[in-house]
Amino acid sequence: MTADHAFVDVVFPVGVEEPLTYRVPAEWRGAASPGTRVLAPLGSRIVTGYIVAERDSAPVAAVKPLAEVLDPEPLLDKHLLALTRWAAEYYLCPWGEVIRTALPPGIDALTRRTASLTSAGRAALTGPAPLRPAERDFLLLLADRESLSLPILRRRPEAVRTIPHLLRRGLIAIHAKTGPARVRPQLCELCQLADGISPDTVRLAARASKQRAILQTLAAAPDGLPRADAAQGNPAALAALIRRGLVTVRSVEVSRDPFRFPVEPVDAPRDLAPAQQEALAGIDDALAARTFQPLLLYGVTGSGKTEVYLQVIARALAQGRQALVLVPEIALTPLAVQRFLARFGGKVAVLHSGLQPGERYDAWRRIRQGGADIVVGARSAVFAPLPRLGIVVVDEEHDPSYKQEESPRYHGRDVAIMRAKLLEAPVVLGSATPSFESYERAQAGRYRLLRLPERIEARPLPEVEIVDLRHVPASDRLLSPPLAAAIAERLRTGEQTLLFLNRRGFSTLLLCEECGATLGCPHCSISLTYHAAHGRLRCHTCDFERRPPAQCPACNSIRMRYLGVGTQQIEAAVRQRFPAARVERLDRDSAGGWRAIEATLARLTAGEIDILVGTQMIGKGHDIPGVTLVGVIAADMALSLPDFRAGERAFAVFTQVVGRAGRGVRPGTAVIQTFNPTHYILQAVQRQDFETLWKAEAPLRQERGLPPFARAVLAIASSPVEQAAEGAATELAKRLTATGVPARALSGPAPAPLYRLRSRYRWHLLVHGQGSRLRARMDEAARQVRRSVFGRNARLDLDVDPASLC
Ligand code: ADP
Ligand code: ZN
Ligand code: ZN
C-alpha cells in the first residue's frame, strides 16, 4: 500500500504542461496515490488534475494544498501511467492531456462535486473573523442548505472566486463522488413514413425540398429512424410532415447494451489451414515466452487473419491472460466485432464510440474490475484498463484512422506496440496492405514477419480489369460499358456489387462557364460540394452550408455548371440505369449514425441490397460472400495527392475494396476505371502485390529522408492573420536552425496544401531526419517554440509521425 506521502505531483488536462506539486492535507493522506483524480487550486480556479507521483518534500516552500481527492482508488495503474507518460513525451504533448484521453470520456461530468459549510465556516459567520462581502454571501448561501453542487455555482462567478481562499481557511469543504451511470430506460422516438405513403406520390409545395428529402430518407428506412436522424437538421420540416400525417412517430425502449450479444459463445474454432497454423505457432512462441515481440501478420484479403487472432486469443485466455483488439473504425466494422462476440460471448467488452458516456463508463469499470477478458475497440481503446493483459492485436494496422488528428496526436498502433513492450507481451499487427513503417521493421528483422499468401481454401483473388477511360465516350465515364455489363450480369445471377468512389455529395465543384470562377468555402481554401438531398452546397472540412447561387458571385453570369462526381451522383446514375435493382449508398452523409450503418451492412449480408455505392466505408474488412463484383469509379484522384504517403494510401484503399469481392465460394471480379491504366499502383493492386509498391517507392523515401526511414514532425503554424501564420513558421525554422538542425532536415516553411481551414491560414514546416541527436534537438526546439507566444493569434501544432500532410 502507499505510504502517507506529504506531497504529490499533479498534471492537468489543460492549462499547464508541467507537473505541479501540492501538499496533501492530513485527511487525504493514504488516498492520494498516483493515478487518482484530484481537485486542486490552479490560479484562481479549482480544477481536476491527476496525481502522477508522490514525494516526501516539496521543491519550494509555499505549496498549495489539494482541495479534494476524487477517487477512492486509482483509475490508472503504474503501467498505464508509464504508457501515458511515454505517449506525452513521444508526441510532444502534455501528460495530463494524454491521461484525459485514456480515461472514459465524460467521467468528469459523471462526478458530482458539492460544496458545504464546515463548522469553522459556521462559526465564522457569527464570530469576529474578517470576511469580505462576497465571501460572506457565499457562506450564507451554504448555511441555508446541506450542500450546493459546483455546476450550479458556476452561475455565480463571484462566489466561485472566493472558493480557493475559503478552502484554505478551512471554512468550506468540497466533496466529490463518481457514481455508476444512472440506469434508466432509454426511450427513443422513431419516425416512419405513414402507411401507404411514398415520397413519389405525395404532393408538396415546390419549395418544400427539405420535406421531400426527409420523405426520401424515411422511404429508405422501413424500420424507422430516430427523430434527430430523420430531421436531418430540419426539425421544423419534420414537424410539418408529422402534422400532415405523412410521418408517424412511436416511442421504443432502446437497450442500454447496444450489442445484445450472446453470453454463450455460438461459434467454434475452425481447423486451420497450414499457413494459418504456422502463423499461430509463431505468435504462440512469443506468448509462451512472455516476451515483447511485434509480429506482422501480412495476409492477403480473405486469407483468414481473423481466425488466427481468435485462436491465439483463446490460448492467451487459457493461460489466464487477457487480450486487447484494436479495429479501425468500430462503427464500420460491426461484422468483425460480431465474430469476436460469437466466439467468446460475454467475455468480450466492446468500447464503442456510439456509447453514451454513462454506458462507456460502465464498460470501462467492468474492464478495470477484471470483468471482461477481451476488449475490442477503436483507437482510444488502446488505453483500456485490462489488469492481466497478455496479448495485443491491431487489425488493419495500416489504417489511417489509428492516428488521432487532434491533440494528443497519437497513433493507436504505435501506442499499442509500446504497451506490449511495457508488459513484455506479443503484439500482432495484421494487414493485407501493411504500412511502410511496419514492413520496413519486418524487413530489418525487428518485427517477425508471418505470411498468409493465399485465400482460404485456395479461393482465387479477384480478377481485376482496368478500364482505360481515355477510350470511353465522356457520357459513359461514370459507368463504362465493361462495368455496366458486369453489373447487369450480377443482377441476372443474383450476386451483389459494391461501387466505390472516394468523394461524397452529388457534384464536387460549381463552376462559372463565363469567368471560370469556382464557388469556394468562405472559411477554407476548398470548393463547395453540392448535396442533392438537401439542395445545398456544403464544405467538407468545416460544414459551412449555403444555397447554390443563381448567378456567379464574381461576374453575375447565370451560366453556372456543376462538375465533379460524388457518390450521390453515382447512386442516381445507377438507379436510372438499373431501375429494378435495390440500390443503397453508404458514406458519411447517410442518415442514422452508426446504427444505420450497421443496418445497411446487415441488409447487404442478408442479400437485400443488389448494389451498394459508397466511399471507403464500404471497404473496411467486411466479409460478405454474396459480393462478387467491385467497381472503382475513378481511381485517378487518389493517385495524385500532394503527400508522400499518397501511393501507399491509394494502394491500401483500392486493394481493400477490391478484396471485398469473391470472398465466398463464387470467385470475384473488380473493374477499375482510370485515365492512368499503366500506373504502377494499379498494377500492384491488380495482383495484391505489396512488394511491387514497396520496391517502387521505398528507395525514393530513403533518398529524401522520409518515414519509414526517418522520423518526421510536422509543425503547423496557423492564424486568422495571414502574415502571423507565415511569421510563426519562419520563426520556428530559424530557431531549429539555431539549435543545430541541418537545413536538409527542414522542408518548408511553405503554405499548407489546405491553405485556409476554418478561417485560419496555415503554414507547414516538416522536420525529418534520422539519428537520435537530430531527434533530441528537434524535440528540444519544438518544446521551446511551443511555449513561446507568436502574437496575433498564431498557434503552433506539432504532429509527430504525421499521417497526412494536408
Ligand atoms: P481476413 O481477416 O484475412 O480478411 P477472414 O478471417 O475474414 O480473412 O477469413 C475469410 C473467410 O474464411 C471467413 O469467412 C472465415 O470465416 C473463413 N475462414 C477463415 N479461416 C478458415 C479456416 N481455417 N477454415 C475455413 N474457413 C475459414
Ligand atoms: Zn463568373
Ligand atoms: Zn469550410
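The values are calculated or read from the model by the stated rules, or taken from the named source; none is laboratory data. Just so you know, these numbers come straight off a predicted model, no measurement behind them. Because the Cβ atoms are built from the backbone with ideal geometry, glycine has one as well, and the counts that use them run over all protein chains shown. When the accessible area is computed, the model is the full protein with side chains, heavy atoms only, and any ligands, DNA or RNA have been set aside. Shrake-Rupley method; radii C 1.70, N 1.55, O 1.52, S 1.80 Å.
Near Asp9, within a Cβ-to-Cβ distance under 10 Å, what is the net charge of the other residues, with Lys and Arg +1 and Asp and Glu -1? The partial results should precede the final answer.
Details: positive: Arg55; negative: Glu18, Glu54.
Neighbourhood net charge equals -1.
Assuming a ≥ b ≥ c are the square roots of the Cα gyration tensor eigenvalues, decide whether region 299-407 counts as rounded (a/c under 1.5), prolate (otherwise, with a/b larger than b/c) or oblate. Could the numbers behind the result be given before it?
Working: a/c = 1.57, a/b = 1.03, b/c = 1.52.
Here region 299-407 falls in the oblate category.
Gain in length, Glu722 to Cys806, computed as 0.36 nm per residue apart minus the alpha-carbon separation, to one decimal in nm? List each step's numbers first, then the result.
Numbers: separation 84, 0.36 × 84 = 30.24 nm, distance 1.75 nm.
Roughly 28.5 nm would be gained on extension.
Taking region 386-468, which trypsin sites (Lys or Arg not before Pro) meet the DSSP loop condition and have no more than 14 other C-beta atoms within 10 Å?
Values: sites: Arg388, Lys403, Arg409, Arg413, Arg419, Lys421, Arg441, Arg446, Arg448, Arg451, Arg455; in loops: Arg388, Arg409, Arg446, Arg455.
For trypsin sites (Lys or Arg not before Pro) across region 386-468 that sit outside H, G, I, E and B with at most 14 neighbouring Cβ atoms in 10 Å, the list reads Arg388, Arg446.
Report the rotationally averaged projected area of region 267-348 based on its alpha-carbon convex hull, in square nanometres.
On the way: hull surface 23.4 nm².
So the Cα hull casts an average projection of 5.8 nm².
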Of all DSSP beta bridges having both residues in the chain, the percent classed as antiparallel (nearest 5) is 60 percent
For region 674-710, listing GluC sites (Glu not before Pro) in a DSSP loop whose Cβ sees at most 10 other Cβ atoms within 10 Å gives none
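Take Lys695, Lys78 and sort them by solvent-accessible surface of the protein heavy atoms, 1.4 Å probe, largest at the top. Don't skip to the answer; put the middle values down first.
On the way: Lys695 150, Lys78 180 Å².
Solvent-accessible surface, decreasing: Lys78, Lys695.
Provide the gained length on full extension for the span Asn676 to Asp56, in nm with one decimal, where the gain is 0.36 nm per separating residue minus the Cα-Cα distance. Can you show the working numbers first?
Working: separation 620, 0.36 × 620 = 223.20 nm, distance 6.82 nm.
Once the chain is fully extended between Asn676 and Asp56, it gains 216.4 nm.
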With label points set 7 Å from each Cα along the Cα-to-Cβ direction at Thr493 and Ala289, the distance between them in nm comes to 4.7 nm
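Could you sort Ile526, Ile681 by accessible area so the largest value comes first, with the probe set to 1.4 Å? It would help to have the intermediate numbers written out before the result.
Values: Ile526 55, Ile681 0 Å².
From most exposed to least exposed: Ile526, Ile681.
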Ignoring ligands and nucleic acids, Leu422 exposes an accessible area, probe 1.4 Å, in Å² to the nearest 10, of 80 Å²
Taking a probe of 1.4 Å and leaving out DNA, RNA and ligands, region 328-450 shows per residue an accessible area in Å² of 29 Å²
Between the Cα axis of helix 772-787 and the main Cα principal axis of the chain, the angle (0 to 90°, nearest 10) is 70 degrees
Rounded to the nearest 10 Å², the accessible area of Phe292 using a 1.4 Å probe with every protein chain kept is 70 Å²
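Just the accessible area per residue of region 6-48, please: how many Å² with a 1.4 Å probe?
Details: 1630 Å² over 43 residues.
Normalised by residue count, the accessible surface of region 6-48 is 38 Å².
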Rounded to 0.05, the calculated FRET efficiency for the beta carbons of Ala281 and Thr518 at R₀ = 51 Å is 0.30
Longest principal axis of the chain (C-alpha) makes with the long axis of helix 274-289 (C-alpha) an angle, in degrees to the nearest 10, of 10 degrees
Rounded to the nearest 10, the angle in degrees between the Cα long axis of helix 567-577 and the longest principal axis of the Cα atoms of the chain comes to 30 degrees
By the C-alpha gyration tensor axes a ≥ b ≥ c (rounded if a/c is under 1.5, else prolate when a/b exceeds b/c, else oblate), the shape of region 535-609 is oblate
Residues other than Cys524 with Cβ under 11 Å of its Cβ, Lys/Arg counted +1 and Asp/Glu -1, net out at +3
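Compute the FRET efficiency between Gln702 and Ala219 as 1/(1 + (r/R0)^6), taking r as their Cβ-Cβ distance and R0 = 45 Å, and round to the nearest 0.05.
Numbers: r = 55 Å, r/R0 = 1.21.
The computed FRET efficiency comes out at 0.25.
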In nanometres, the difference between 0.36 nm per residue of separation and the alpha-carbon distance of Arg666 and Glu406 is 89.3 nm
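What do you get for GluC sites (Glu not before Pro) in region 391-461 restricted to DSSP loop and a cutoff of at most 15 other Cβ within 10 Å of the site's Cβ?
Glu405, Glu406, Glu424
Can you pick out the pairs among Lys78/Lys421; Lys403/Lys734; Lys305/Lys620 whose Cα atoms lie more than 24 Å from each other? Write out the running numbers ahead of the final one.
Values: Lys78/Lys421 14 Å; Lys403/Lys734 29 Å; Lys305/Lys620 14 Å.
Long pairs (Cα-Cα over 24 Å): Lys403/Lys734.
Hey, any idea what % of the chain's accessible area is carbon plus sulfur with a 1.4 Å probe?
Numbers: 18180 of 35440 Å².
Carbon plus sulfur share of accessible area: 51 percent.
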In nm, the gap between the two label points placed 7 Å beyond Cα toward Cβ at Ala458 and Asp144 is 8.5 nm
His540 neighbourhood, Cβ < 13 Å, K/R = +1, D/E = -1, net charge +2
